[in-house]
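Novice: Sharing a structure with you now.
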Amino acid sequence: MKINKESFPVIALVLMILLDIGDAFLLVQATGNAIYLTLALVALPLFLVILVVVLFRLKKEPESE
Amino acid sequence: MDKFTRAFTIVILTILGICIAVSTIIHHLTPWIFQVPSVNPPYLFASPPIELIVMDVASLVGALIIFNYSIHKYGLWRSLLFLTGSFIFTGLEESMWIFLGRFGVTFPSYFFTRGALWFFEVPFYTCIGWYVVAFACVFLAEKLLPNRHFLVIAALGAFLAMDLDLWTDPVMVNLNYASVIPANVGMWVWNMEYTLKFFGIPLMNFLGWFLVIFLFAILWKVVPKRLDQWGYRKTTLIFYGCVPLLLVACLLVLSGIEVLIIRNFFADVSIFPIP
């Protein structure tokens, strides 16, 4: 499968967000305080919507040279 | 690759490498020079040295993914301006607040607790993380609002980055609770008092995130546009010459807001404190 280079910045950002969510999970596990994950879940929908919109637009755009 | 770009690549990466090497040696071997606080930082795995190296390498992989795209889209010269410019600007901006607070010039600020490689008093992975977040968020803003004025793009990109930090910062400063080795602090420590806090983090931090990425995105959009008029050498010098001006702008705006507004009207106010 050929990955469109235009999606590289999105891939890097998603990897970074996943690592941060992993840290939030560990913290919830250690403290029993769900606030850290709640914070992530409050902020994430905005980001996820944006990422989906951008990926959808990238799919429609031809790869720029 | 033309002659200038080749020379520029060698010079800027050499300067950056020397700064990182010297800062790392000072931080680890002679910490008294920077008055590095002695604390027990958190580690999520049982082997701290390996974890520190993995963190630097992982951040570098993220940066290389972005840099690969950036070269494809903007060419090497402009890509290097973003990579090294954002690295230097954010590294100096954070170090400025850390040193000013540590040596009593301004109010106490914060410090980072762990890192393998350092750029002054900022871990390498933080500076590289700034690059990844700044580039990706400005990229997202350009895709969301195509053909809009660069100020709108810069503002949206900065807002997205700030939104990301809104939930990662509270996690990182409390990561000591998840450490497998006894730790008394998180990934960084906030020493600011009499200030407005949001999720337990000073509001100035989030304003700083917005301002730093907003200003740098403008610099990167505006200066390289004068390439035809100024040529490579002059454009590059002006680009890096603007970095100290942006640092002064950050210092004046953020300390002005903190001292004149927050400390006068919102001192000790905590919005959504984390229990």
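Here, each number is a calculation from the coordinates, and none is a lab measurement. For clarity, every value in this text was computed on a predicted model and none was experimentally measured. All Cβ positions, glycine included, derive from the backbone under ideal geometry; neighbour counts span all protein chains shown.
Novice: For region B:142-195, state the average projected area of the convex hull of the C-alpha atoms over all orientations, rounded to one decimal in nm².
Specialist: 5.8
Novice: Would you kindly calculate the mean projected area, averaged across all directions, of the convex hull enclosing the Cα atoms of region B:155-255, in square nanometres?
Specialist: Across all orientations, region B:155-255 yields a mean hull projection of 8.7 nm².
Novice: Give the range of the longest stretch in chain B that excludes all chymotrypsin sites (Phe, Trp or Tyr not before Pro) found in loop regions by DSSP and having at most 16 other beta-carbon atoms within 10 Å.
Specialist: B:104-193
Novice: Using +1 on the beta carbon of Lys and Arg, -1 on that of Asp and Glu, and nothing else charged, what's the dipole of chain B about the Cα centre, debye to 20?
Specialist: Dipole of chain B, to the nearest 20 debye: 940 debye.
Novice: Mind pulling the angle between the C-alpha long axis of helix B:124-144 and the longest principal axis of chain B? Nearest 10 degrees, somewhere in 0 to 90.
Specialist: Between the helix axis and the principal axis of chain B, the angle is about 60 degrees.
Novice: Could you pull out the trypsin sites (Lys or Arg not before Pro) across region B:101-159 that fall in loop regions by DSSP (anything but H, G, I, E, B) with no more than 16 other Cβ atoms inside 10 Å?
Specialist: B:Arg148
Novice: Tell me the Rg and the Dmax, in Å, that the Cα atoms of region B:79-224 produce.
Specialist: My reading of the Cα-based Rg and Dmax gives 15.9, 51 Å.
Novice: Could you pull the Rg and Dmax for region B:17-271, using just the Cα atoms, both in Å?
Specialist: Just the Cα atoms of region B:17-271 yield Rg and Dmax of 18.5, 58 Å.
Novice: To the nearest Å, what is the center-to-center distance of region B:115-129 and region B:1-79, using C-alpha atoms only?
Specialist: 6
Novice: Which residue fluctuates most in the GNM of chain B (Cα springs below 10 Å): B:Asn176, B:Asn147, B:Asn205?
Specialist: Its mean-square fluctuation being the largest, the pick is B:Asn147.
Novice: Counting Lys and Arg as +1 and Asp and Glu as -1, what is the net charge of the other residues whose Cβ lies under 15 Å from the Cβ of B:Ala58?
Specialist: Cβ neighbours under 15 Å give a net charge of -3.
Novice: Working only with C-alpha atoms, what are the Rg and Dmax values of region A:8-60, expressed in angstrom?
Specialist: That works out to 13.3, 44 Å for Rg and Dmax.
Novice: OK, next. Take the alpha-carbon positions of the protein assembly as shown, form their convex hull, and give its projected area averaged over all directions (one quarter of the hull surface) in nm².
Specialist: That works out to 18.2 nm².
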